[in-house]
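For reference, the structure is listed below as structure tokens.
Each reported figure results from applying straightforward, stated rules to the coordinates on display, with no laboratory input. Because the structure is a prediction, the values reported are computed rather than measured. Here the Cβ is made from the backbone with ideal geometry for all residues, glycine too, and neighbour counts use every protein chain on show.
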């Protein structure tokens, strides 16, 4: 099935009463593992990559892999740029065939974030590509210098931000963090306040490390896209490490990488179901 844009995917998700798992890739094996998991779970999902990982794979390579593989899957999927920090990131992703992008101006003051995000959104919408923007910095790897009190998305700014930028999805900060080094402190009441005023669906970043029950509890509050990266990367790295420990003289790289792919698929499959309240 051809890759679709995230607006289409959101409509499909709402029709089927599910939240969209959005899993970060880095290379060929992880991309296919994620797509395998969506197909196995029967849940539409998003394959995404951040510019920090594009350094290894390049926009064109990841896009080519996803588009070549799409014919082998029946479940709707999108290819998304995660945390685009520059307009060049956005342009390169769109030109490579990504069907969705995120522009991340969360570290900027409110007005600058609006102007910066609007530039990217105007460009993408001309190509029919939906855009996720971010309001409220998220602690962890993406932002190591933000005080906790300054992190959370301000509900009083949400409606104006969405309307002035024209974003299709909004990533919010409700105590979530990137990576596994800090412990998330999810504030569902704060999310409820944001949902009450947001004109568009919401996105959770830093899903790794948050209990599945907590994520599922976000569903009534217009939460539609759940980002997971660290859990999958840990599974991939652990599988490679296990192979080396089992046989220090292992040289069959294909066998090792196939095992890593299978490990990622297993974790991604269980996660796609679990965030939707389904036990594997």
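Report, for the chain, the % of DSSP beta bridges that are antiparallel, rounded to 5.
5
Taking only Cα atoms, what is the 0 to 90° angle, nearest 10, from helix 59-69's long axis to the longest principal axis of the chain?
70
Mind sorting 261, 245 by how few other Cβ atoms lie within 10 Å of their own Cβ, fewest first?
In increasing order of surrounding Cβ atoms, one gets 245, 261.
Taking other Cβ within 10 Å of each residue's Cβ, how do 182, 132, 29, 112 sort, fewest first?
112, 182, 29, 132
How high is the relative contact order of the stretch 168-280, given as a whole-number percent (alpha carbon pairs under 8 Å, six or more residues apart)?
Once divided by the residue count of the stretch 168-280, the mean separation gives 24 percent.
Using a 7 Å offset from the Cα along the Cα-to-Cβ direction at both residue 262 and residue 241, what is the distance between the two label points in nm, to one decimal?
2.0
Which angle between 0 and 90 degrees, to the nearest 10, do you get for helix 188-197 versus the longest principal axis of the chain when only C-alpha atoms count?
60
Can you tell me the convex hull volume per residue for the stretch 155-207, based on C-alpha atoms, in Å³ to the nearest whole number?
75
Where does helix 253-274 land angle-wise versus the long Cα axis of the chain, in degrees 0 to 90, nearest 10?
40
So how far apart, in nm, are the two label points at residue 154 and residue 95 if each is 7 Å from Cα heading toward Cβ?
For residue 154 paired with residue 95, the spin-label model returns 3.6 nm.
Given the stretch 163-272 reduced to its alpha-carbon atoms as identical point scatterers, what log10 I(q)/I(0) does the Debye formula return at q = 0.19 Å⁻¹?
Log-scaled intensity ratios, in q order: -0.94.
Students often get this wrong, so try it: which of [x] 64, 46, 33; [y] 58, 38, 38; [z] 66, 41, 33 is Cα extents along the principal axes in Å as calculated from the structure shown?
Here Cα extents along the principal axes in Å agrees with entry [y].
Among 234, 55, which comes first, second and so on when ranked by fewest other beta-carbon atoms within 10 Å?
With the sparsest Cβ surroundings first, the list reads 55, 234.
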